[in-house]
Amino acid sequence: MSEEVRYDFRRIDKKWQDRWDAAHIFRAADPGEPGSEKPKFYALVEFPYPSGAGMHVGHIKAFSGLEVISRMRRMQGYNVMFPMGFDAFGLPTENYAIKTGTHPRTVTDVNVERFIAQLKSVGFSFDWSRKIDTTETDYYKWTQWIFLKMFEKGLAFRDTALVNYCPHCKVVLSNEDSQGGKCDICHSDIVQKSKDVWYLRITEYADKLLQGLEEVDYLPNIKQQQINWIGRSEGAFVNFGLKDTGEKLRIYTTRPDTLFGVTFMVMAPEHPLIDKYASKIANMADVEAYRAECAKKTEFDRTQMNKDKTGLKLDGLCAVNPLNGKEIPIYIADYVMMGYGTGAIMAVPAHDQRDWEFARKFGIDVIEVIKGGDIEKEAYAGDGEMVNSGFLNGFTNKKDSIRRAIDELVKIGAGEGGVQYKMKDWAFNRQRYWGEPIPIVHCPECGMVPVPYDELPLCLPDMKEFAPGQGGESPLARMPEFVNCKCPRCGKDARRETDTMPQWAGSSWYFLRYIDPHNNNCLADEKKLEYWLPVDWYNGGMEHVTRHMIYSRFWHKFLYDIGVVPTDEPYAKRTAQGLILGPDGEKMSKSRGNVVDPLDVVDEYGADVLRTYVLFMGDYGSAAPWSPSSIKGCKRFLDRVAGLEAICSGSGGISKDLESSFHKTIKKVTEDIDGMKFNTAIAALMTLINEIYDKKSVTRDELSIFITLLNPFAPHLTEEIWEHIGGKGLLSLAKWPEYDEAKTVDSTVEIAVQVNGKLRGTVKIAADAAKDEVIAAAKADEKVASFVDGKEIVKEIYVPGKLVNIVVRG
RNA sequence: GCACCCGUGGCGGAACAGGCAGACGCGCCGGAUUUAGGAUCCGGUCCGAAAGGGUGCGGGUUCAAGUCCCGCCGGGUGUACCA
C-alpha cells in the first residue's frame, strides 16, 4: 500500500547517483590540480563503525548536516573535501566473528561494502576516491608509525598498574571506557586488576590541550566538557612529617592556606606507605580487613555510600604539621583515591564537606580557619577572614592567603605549588585480536625494542581461533610464529608484544590520511597537509567530544611538535548533532523495537525525502523523535516541487510581486545553512513554494533559483527538474544564487500599533516613512483612536518597520 | 552533590540583538474532486461567545519580557568522594 508518488524517485535517485559517480564531481582537487586555486573547505564527519546492523537513521542525520553545507560550498566556488571512511577495528566485529566462526576481515569487508552501498543510495556527496579503512595494512602501517614516534619520545611507555578489567570482554579498559564501573561495550561490572600495561603520556599534553581550546571555534558546551575532562586544578604539594620515621607523607591540596585547620590525615587504603611501615601499625590486622572490604566494593556500592564515610585509624603512625609542629592522627578511608593527587590528603573538616562528615563520624576536632559559616552545621567552603592560623590570620582574599602559604612552605622546605589534572595517562592496549599490533619486540638483552620503520606494517597474522585467552591474554600470544622473533637490535631470540591497540587508535589521526590516502612514503604529503589543514568544520556526536576529540587533538599536537603536520590544532570548528529518538520519544534501540531503518524510508519515499526530513524534524543540535506521519510533510513538499514544472511558463525573470520573497529566501536559506539551522531553511523554501502556488505560475528563472536553493537537501529531484528545464551541466555544479540586500526589504511594511503595550491594530505604510507620519497613521486607526481619545499621551515609541507603542494615562 | 543546557498549541518545533508569540510541518475540522477509500486541491485551527487571557510556577526591571534579573518546580546531558 505504498502511497502514490508524484515523481519516480526510484528511477531518478539511481540515475543521478550514477551520473555524479561517472563524472567524479565530488572529487576534491589536491594542490596543483585544476580546482585547487579555489578556496579550500575541508568538511569532516565522524567516520562510522561498520556494524553488521548497517546504517542507522542517526548516521543519516550526522552526515546530512555537513553534506548540505558541502554541497552549498561547492556551488559557492569552494574546493570541497568531504571524505568518508570506516573505523573498523573493534570488539563488536570480533565478537560477531567469534560467534559465527567468520574471520573479522571477511566480516569487516562485507559490512563496509554494505555501508558504502547504503551511503550511496542516499546520495551523499562524499569523495569516495579517498575512502579509508583503519583495518587495512596501508592504513595501520601509519598508526603503528605514529606509535613508534611516541615510543621514541617517551610518550608510549609500560607500567604496572591497577587497571580496569572487564571479565566479560576479557580486556583492560581505560578509565574513559569504564565509566560508572561498567564496561563501555558489554556493560558488565569491571574489576580492578594489577597488570603490566601500555600507556600514552597524554598528561604531558594536558596544558597544551587546554590552551589550544582558546584558538578554536567549538560550541561552548563542547569546550566546557573538554575543560572539565582535563580537570586542571591549582594548589600545592605539602610534605607532612611521619613521626619517628624520617619519612614524609606527601599530600596535594587546593587550599594550602587552611593548613592550620588540619585535624587528621587520610590515606587511600592502597597507599604504599602503609605497607612500608606495617610493623609500626598496631592494628594492621584491622587495616588488612578494611582493605579487603574496600576491594570487594563495586563502584556502584561506593557511589551509593557517597554520604556514609567509612575508615579506620592507623594505630602507631602519626603525621606532623610542617607549619605548627602539631601531631595529627592518620586514617585510611576509601573516599580518598590512590589515583588522584598523591593518594593522601590533609583533612580540614571545617572547610571540606567530606572531611566534615568523616570527622563527625569519628569524633575528630573541627577547627575553623575561615570565618563566615556555621561549622557546627556543615563545612564552610566560602570566602572569609582567616583565623586561628598564625601568620595567615587576617587574610580575606583566598588568592593572597594561598600564595602566602605556598611561599612559607617553600621557605621551610615543606612543599611547593603544584598543578593536578583529572585526566590520566591513556591505557593504550587491549588483549584482543582485532586491532593494530603494537610494533614492539621484547628482547631479554635490549629490553623493549621498536620494530624498525622499514618493517612496518607489522601485520596482524591470520588466525583461525582468535577468541581471547583465559586470564586475559591476547590471542596473538598463542601463535609462536608471531611471538617468536629476532631482536632487531642484537639479533638474538626475542618475543613480540602481543597486545593490540585500543579502538581509539585508528580514529586519532584519520582526518590526516584522507588528505593523502594512498601515499606509501609517509602518512601524508607535506604540501597536501599544508593545503588542507586544518579541518574547517568537524561535526559529530556529543559522545565523542571528550574521548575521541581529546585523543586526536593529542596525537595531532604531538605530530605538530615533531614537525609532521603544519598546524597545532586539527579542527578549526566543531559542532554536534542531536540524537534521533524513536517515535515513542525514547532512545532508539533494538530491545525497545523502535529503530527506524533509513533504507526502509528510502524505499518508501526516496532519498530526498529522507534527507530533507532528518534536517526538518527539529533543531539540528537537539534530540527529536522520529515521526512517521510528520515525514509526509516533506514528501508533500517535494511532490509540490515536482509539480512546479507543470506550471512553469518557460521563460521570464523574477516576477515583480515575488522579487522580495526570492531575495529574502536566498538570504535566509544561505544564512541558515551556514548556521546549521536547516529546519528553518527548509521552512523558508516551503513558504516560498506556497507563495508560488498562490500565483499559479512560475517563471523559468524563479524555478531555477528555487531548485538551486533546494539542491543541497534534495539533489536528485532538483537535478531532474534542472535537466527538464534545459539547465546547463549538472545542477550540483551550478552557481549558488546571490541576493541583493536592497531587494530583501519591502517598500511597504505593516506596523503593529500598541496602546500601553497592548496590540490594538496595524497600519500599512511606506517603509521609509518618518516617525511622525507613522504615529499619525497609527492614531488614525479607528480602534487605536478609541483607546487613545480623551487620554493624556505620555510617550510615543516607534521601532522602525516594526511597531508603535502609544503610552497613555487616565 | 556539582557544572552546563532546556521547559512555548493536540504533536515536532519557529520567534534577529527586549518589539505583532505560535513561522513551517504534522494532526484535526469543514468543503471540492471521487462509486468509495486513498491521494490531491481550497478554507479553518492557542484558549475564550466576548471583554480578555495565554510561553513550567512566584516575584522584579521596562513603554514593551518566551527573551533580561532573583527565587522555586520539572526534565535532559556531562561528571562524580578530584582533596
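The values are calculated or read from the model by the stated rules, or taken from the named source; none is laboratory data. Everything numeric in this text was worked out from a predicted model, so none of it was measured. Glycine gets a Cβ as well: all are built from the backbone with ideal geometry, and neighbour counts include every protein chain shown. These area figures cover heavy atoms from the full protein model, side chains too; ligands, DNA and RNA do not enter into them. Shrake-Rupley method; radii C 1.70, N 1.55, O 1.52, S 1.80 Å.
So the values come out like this:
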quantity: Shape category assigned to chain A from the gyration tensor of Cα positions, a/c cut at 1.5; calculated: oblate
quantity: Placed amide H near A:HIS56: partners under 5 Å, 5+ positions off or other chain; calculated: none
quantity: Inter-site label distance for A:ASP493 and A:ALA780 at 7 Å from Cα along Cβ, in nm; calculated: 10.7 nm
quantity: Convex hull of region A:648-769 built on C-alpha atoms - directionally averaged projected area, nm²; calculated: 9.5 nm²
quantity: Accessible area per residue, Å², region A:72-149 with all protein chains present, probe 1.4 Å; calculated: 30 Å²
quantity: Amide proton proximity set for A:GLU385, modelled H, under 5 Å, gap of 5+; calculated: A:LYS371
quantity: Of the GluC sites (Glu not before Pro) in region A:306-392, those whose Cβ has at most 15 other Cβ within 10 Å and which sit in DSSP loop; calculated: A:GLU376, A:GLU378, A:GLU385
quantity: A:VAL163 long-range amide H proximity, modeled H, under 5 Å; calculated: A:LYS193, A:SER194, A:LYS195
quantity: Added length on full extension, which subtracts the Cα-Cα distance from 0.36 nm per residue, A:THR137 to A:ASN519; calculated: 136.3 nm
quantity: Accessible area expressed per residue, region A:662-728, with surrounding protein chains retained (probe 1.4 Å, Å²); calculated: 32 Å²
quantity: Between helix A:353-362 and chain A: long-axis angle, C-alpha atoms, 0 to 90°, nearest 10; calculated: 40 degrees
quantity: Viscosity 1.306 mPa s, 10 °C: Kirkwood-radius Stokes-Einstein D of region A:236-386 over Cα pairs, µm²/s; calculated: 101 µm²/s
quantity: Quarter of Cα convex hull surface for region A:545-606, i.e. mean projection, nm²; calculated: 7.1 nm²
quantity: Selection of GluC sites (Glu not before Pro), region A:433-486, meeting DSSP coil and at most 12 other Cβ within 10 Å; calculated: A:GLU445, A:GLU465
quantity: Inter-part distance where region A:28-81 and region A:734-775 are each reduced to a Cα centre, Å; calculated: 39 Å
quantity: DSSP-defined beta bridges in chain A - what % are antiparallel, rounded to 5; calculated: 75 percent
quantity: Two-decimal ratio, region A:384-530, of alpha-carbon radius of gyration to 2.2 N^0.38 Å; calculated: 1.77
quantity: ³J(HN,Hα), Karplus 6.51/-1.76/1.60, whole Hz, each residue of region A:763-776, x for Gly, Pro; calculated: 10, 9, 7, 4, 4, 9, 4, 6, 3, 4, 4, 5, 5, 4
quantity: Measure of compaction for region A:763-810 (Cα Rg per 2.2 N^0.38 Å); calculated: 1.11
quantity: If the convex hull is drawn through the Cα atoms of region A:18-84, its volume per residue in Å³; calculated: 108 Å³
quantity: Rounded to whole Å, sorted largest first: equivalent-ellipsoid semi-axes of region A:425-492, Cα gyration tensor; calculated: 21, 14, 13
quantity: Cα long-axis angle, helix A:220-230 against chain A (0 to 90 degrees, to the nearest 10); calculated: 10 degrees
quantity: Residue-normalised accessible area of region A:312-442, expressed per residue, 1.4 Å probe, Å²; calculated: 43 Å²
quantity: Carbon plus sulfur fraction of accessible area for chain A, probe 1.4 Å, in percent; calculated: 50 percent
quantity: Cα→Cβ-extended label distance, 7 Å offset, between A:ARG250 and A:TYR340, nm; calculated: 1.9 nm
quantity: Mean separation of Cα contacts under 8 Å, 6 or more apart, over the residue count of chain A: relative contact order %; calculated: 14 percent
quantity: Using a Förster distance of 60 Å, the FRET efficiency for A:ASP8-A:GLU481 (Cβ separation, nearest 0.05); calculated: 0.55
quantity: Net length gained if the chain between A:PHE391 and A:ASP740 were fully extended (0.36 nm per residue, minus Cα distance); calculated: 118.6 nm
